[in-house]
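Since the structure comes first, as structure tokens, the remarks are kept for the end.
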Amino acid sequence: MIELIEDTARDVRIEVLVEGAGPDIVLVPSAMRGAADFADLQAALGTAGYRSLAINPRGSGRSGGTLDGLTLRDIADDIAMVAGRLCDGPVHLLGHALGNVCVRAAASFRPEIARSLMLMPPGGHNLGRYPVRPEVVAAMGRCHDRTLPRAERLAALRTAFFAPGNDPSVWLDGWWPASAGIASAMGRSDPQDWWRGGAGPVLILMPLDDAMVSPEAGRATAAALGARVTYREIAACGHAILPEQPDLVAHHVTAFLDAQEGRR
């Protein structure tokens with residue numbers, strides 16, 4: 001089912017792909033990616049007895065709203081709008097790549113909506129200490145550039161997103177360059193205001209071949225957040241994670257959710 005919800009006062013509309021029945025999980029995708037990236041995970045969550053709501057951020061799908069001057073508080077309000085309109089009470093929040101920043105912001109600025117957080121992986125707040133290599137940053141801009149030859153785009157996807165041996169062609173499509181301004185919101189928001197993601201339980205899935213968030217950075221974040229964290233490392237997996245290891249992602253996510261819901 002597809003829902004399109006609007007806030008006329010803020011002039012924003014958010015498209016949401018809804019699947020399953022049960023406790024609610026709101027899913028937020030990577031930079032310039034969309035809700036369709038969660039198709040496999042949504043199917044697995046539905047089978048496990050959960051209702052998932054995958055968001056198309058502003059500029060992707062049928063979602064819209066200004067990106068000029070956007071802050072993480074604005075994004076938190078977008079996520080809160082989805083939770084408030086379509087869910088009954090606080091929700092579990094899952095963010096992939098840039099989406100992890102968005103859900104941490106939502107849990108920090110709108111704590112009333114958050115039951116737990118799932119971060120895949122937990123980057124974005126400590127780039128000064130754990131910077132992304134220049135060649136990886138350069139490759140990111142080539143991944144979605146349709147004017148480039150297919151081979152060049154595949155090479156860029158391997159460099160920025162996929163572990164050795166994994167198939168990057170699955171991400172040749174599914175890009176929404178119009179949503180690029182979402183990432184700029186990070187630069188207008190102090191990490192100290194959002195990086196802890198509230199005070200609830202946290203699942204961290206850390207890909208061991210991630211070119212953007214190193215395992216050292218992931219472990220440091222887990223250590224800093226302390227006892228609230230369930231930390232899991234995933235081998236043969238890069239920053240893309242969802243198409244690379246869908247079964248392991250679904251296993252760890254459902255196990256964490258079952259623990260939060262008292263199902264085991």
- Taking the residues in region 75-88 that are farther than 20 Å from ASP190 by Cα and touching a strand residue (DSSP E or B) at 6+ places or on another chain (Cβ under 8 Å) as candidates, determine which candidate is surrounded by the most Cβ atoms within 10 Å (Cβ to Cβ). VAL82
- Please determine, by comparing only the residues of region 1-18 that are buried (at least 18 other Cβ atoms within 10 Å of the Cβ) and not hydrophobic (A, V, I, L, M, F, W, C), which one is farthest from LEU53 (Cα to Cα). ARG13
- Neighbours by Cβ (under 8 Å, 6+ apart or cross-chain): first from region 124-137, farther than 13 Å from HIS239 by Cβ; second surrounded by 14 or more Cβ atoms within 10 Å (Cβ to Cβ) and among the basic types (Lys, Arg): HIS125/ARG104
- How many residues of region 21-63 are in a helix (DSSP H, G or I), in contact with a Ser or Thr (Cβ under 8 Å, 6 or more places away or on another chain) and of a type outside the set (S, T, N, Q)? The answer is 7
- So which of ILE204, ILE234 ends up being in contact with a Phe, Trp or Tyr (Cβ under 6 Å, 6 or more places away or on another chain) and at negative phi? ILE204
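Per-residue answers, yes or no, for (1) within 24 Å of ARG129 (Cα to Cα); (2) touching a strand residue (DSSP E or B) at 6+ places or on another chain (Cβ under 8 Å); (3) of a type in the set (Phe, Trp, Tyr):
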{"position": "ALA185", "(1), (2), (3)": "yes, no, no"}
{"position": "ASP190", "(1), (2), (3)": "yes, no, no"}
{"position": "TRP194", "(1), (2), (3)": "yes, no, yes"}
{"position": "PRO207", "(1), (2), (3)": "yes, yes, no"}
{"position": "ALA211", "(1), (2), (3)": "yes, no, no"}
{"position": "THR230", "(1), (2), (3)": "yes, yes, no"}
{"position": "ILE234", "(1), (2), (3)": "yes, yes, no"}
{"position": "GLN245", "(1), (2), (3)": "no, yes, no"}
{"position": "GLU261", "(1), (2), (3)": "no, no, no"}
- Item | Residues satisfying the stated conditions in region 199-210, i.e. buried (at least 22 other Cβ atoms within 10 Å of the Cβ) and not β-branched (Val, Ile, Thr) | LEU203, LEU205, MET206, PRO207, ASP210
- Query: Got at least one residue in region 167-188 being among the polar types (S, T, N, Q), touching a helix residue (DSSP H, G or I) at 6+ places or on another chain (Cβ under 9 Å), in contact (Cβ under 8 Å) with a residue 40 or more places away in the chain and buried (at least 20 other Cβ atoms within 10 Å of the Cβ)?
  - Reply: no
- Message: Of the conditions (1) over 17 Å from LEU53 (Cβ atoms); (2) surrounded by 24 or more Cβ atoms within 10 Å (Cβ to Cβ), PHE109 satisfies every one except a single condition; which number is it?
- Response: (2)
- Item | Single condition THR66 does not satisfy, out of (1) hydroxyl-bearing (Ser, Thr, Tyr); (2) crowded, with 24+ Cβ neighbours inside 10 Å; (3) part of a loop (DSSP other than H, G, I, E, B) | (2)
- Message: Can you pull out every residue in region 221-246 that is in contact (Cβ under 8 Å) with a residue 40 or more places away in the chain and either more than 23 Å from ARG115 (Cα to Cα) or in contact with a helix residue (DSSP H, G or I) (Cβ under 8 Å, 6 or more places away or on another chain) (or both)?
- Response: ALA236, CYS237, GLY238, HIS239, ALA240, ILE241, LEU242, PRO243, GLU244, PRO246
- For region 233-253, does any single residue satisfy the condition of being surrounded by fewer than 18 Cβ atoms within 10 Å (Cβ to Cβ) and in a loop (DSSP other than H, G, I, E, B)? yes
- Whichever residue in region 32-43 is in contact (Cβ under 8 Å) with a residue 40 or more places away in the chain and surrounded by fewer than 21 Cβ atoms within 10 Å (Cβ to Cβ) and, among such residues, is nearest to the chain's Cα centre (by Cα): ALA36
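Bear in mind these aren't lab numbers, they're just calculated from the coordinates by the rules spelled out. No experiment lies behind these values; they were computed from the predicted model shown. Backbone-built Cβ (ideal geometry, glycine too); neighbour counts: all protein chains shown.
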